[in-house]
């Protein structure tokens, strides 16, 4: 489980992708990352997937 509240908003898209990919590689199967509700990471990497109905919660996958 990773909590990343109000951190990614300060980085450009490429840096966000690198950070999320690294976290996904370190996570266990079906890991979860909690981001602030104002952050979206959709379309940045295939290693993060929105958890339906859960604002700011994403599943991590090392694809």
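Read the figures in this text as sums done on the coordinates, not as results from a lab. A quick note: this is a predicted structure, and the numbers were derived from the prediction, not measured. A quick note on method: Cβ atoms are made from the backbone with ideal geometry, for glycine too, and the neighbour counts reach across all protein chains shown.
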What FRET efficiency would be calculated for the residue pair residue 6, residue 29, taking the C-beta separation as r and a Förster radius of 25 Å, to the nearest 0.05? 0.35
When the helix-only estimate is applied to the chain (DSSP H runs of n ≥ 4, each -39,500 (n - 2.57), divided by the residue count), what is the mean residue ellipticity at 222 nm, nearest 500 deg cm²/dmol? -7000 deg cm²/dmol
Residue 57 paired with residue 38, simple spin-label distance in nm, labels 7 Å along Cα-to-beta-carbon: 2.2
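Output the relative contact order of the range 8-63, whole-number percent, from Cα pairs under 8 angstrom with separation of 6+ residues.
38
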Per q in 0.14, 0.15, 0.18, 0.24 1/Å, what log10 I(q)/I(0) does a Debye calculation on the alpha-carbon atoms of the range 2-60 return? -0.31, -0.36, -0.53, -0.98
